[in-house]
Structure formats: C-alpha cells, structure tokens
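Readers should treat all values here as calculations from the given coordinates under stated rules, not as data from a laboratory. In this text the structure is predicted, and so the values were computed from the model without any measurement. In this analysis, Cβ positions are derived from the backbone assuming ideal geometry, glycine residues included, and neighbour counts consider all displayed protein chains.
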C-alpha cells in the first residue's frame, strides 16, 4: 500500500477513537515503554503531540524517560517551512511554547542542539511497517533530521495500531525506526 493511502486510512482510524479510548491506549503505550530496555540517554528529541491529530501523548513518555534518566536534556523541534528543515531546541521548565499555524507547539527560543547530540528521538508516525519504516505527514522533516543523527541514536515510534506488512513506496532517503511500541507489542527492527 502507498504512503498516501496509508495516511488516509490511519488518519481516519485515529479520528474514530474516543478520548477515553485514546487515554487507555496512551496508558498501554506507557506500560510497554516501561517494559522496554532503553540504554541511559543524555539527550532526548521529542515532539509535542497535536490534539487535533489524536497523536499519542508523548508527554507521558518524555516524563517517564526523564524519571529514569536524571538530568536528561530534552529538545523539541522548530520547523522552517520554506526549507523543510527542522532544528532541535533544548528546553527547560521556563521554556515558552508557541503554536504555529499548522497546530504545532514549538519552543519560542532556546539553544540549538545538533542532531549528532541526540541519543533518542521520538518520531511521529501515522503508520509503520514490519521493517520499521514509517508513514509520517509527508514533508520529510524527520527523515532529513534523522539522517544527520549518529548511527547509534535510537529512533523510537509509538503507534495505536499494529504494523502493515510493507509500505509499497519507500524512498531511499526514508530512515527506519529502531523500535516501535504499540499497546500490545514492542517491535525491534
């Protein structure tokens, strides 16, 4: 199946979730994360979930990772829509976030972190396949960013749904995940 077809199918599947179902799925994702062996990390690159897209609650996962990695440095993306590039901006308790016209919450300011400094990246996705490739929102921001990360950087996705067999139109520049967590399973690629 193509990325475009999968985007449509999985956006619809998410729309059908009630808030109660979504909260239960988020709790199950957190339980699976707690079962996962994550090496000690110093720098996490994550994203703020977009409520309108019914994305998994990454705040739960970030809080847990911060709990098990004292002193964890946490960065969030800022996007440049003209170049389709993304920067990692370090945050702390005082960081203010602003909402873009696309509904993304981004840090207003902060020091930039090089992709090579990231130990773990939580990668947004709509769907993923049995080889660890994912379908995002179609602009390539994350694949560009991930291509600049160290080879040992963990690329982690969360999905409410199980994988499809294969994404039919993968591109050479697509960067696969190392792990994807669903409410039932931890997939290692």
Expressed as a whole number of Å, what is the distance separating the alpha-carbon centroids of the range 141-189 and the range 101-130?
13
For the range 59-111, what relative contact order do you get, as a whole percent, if you take Cα pairs closer than 8 Å and at least 6 residues apart?
27
So what's the convex hull volume per residue for the Cα atoms of the chain, in Å³?
119
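DSSP beta bridges in the range 33-189, what fraction antiparallel, as a percent rounded to 5? Please report the intermediate quantities before stating the final value.
Values: 17 of 30 bridges.
Close to 55 percent.
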What is the list of residues in the range 40-74 whose amide nitrogen lies under 15 Å from a point 7 angstrom out from the Cα of residue 23, following Cα to Cβ?
57, 60
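Provide the FRET efficiency to the nearest 0.05 for the residue 150-residue 81 pair, computing r from the beta carbons and using R0 = 35 Å.
Values: r = 27 Å, r/R0 = 0.76.
E(calc), rounded to 0.05, equals 0.85.
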Rank by packing, highest mean first: peptides 109-121, 44-56, with packing defined as the count of other Cβ atoms within 10 Å averaged across residues.
44-56, 109-121
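What FRET efficiency comes out for the pair residue 94/residue 139, r = Cβ-Cβ distance, R0 = 30 Å, nearest 0.05?
0.50
Quick one: which of 84-93, 65-74 comes out on top by average Cβ neighbours within 10 Å, and what's the full order, highest first? Write out the running numbers ahead of the final one.
Values: 84-93: 16.4, 65-74: 14.5.
Most protected by this proxy first, the peptides run 84-93, 65-74.
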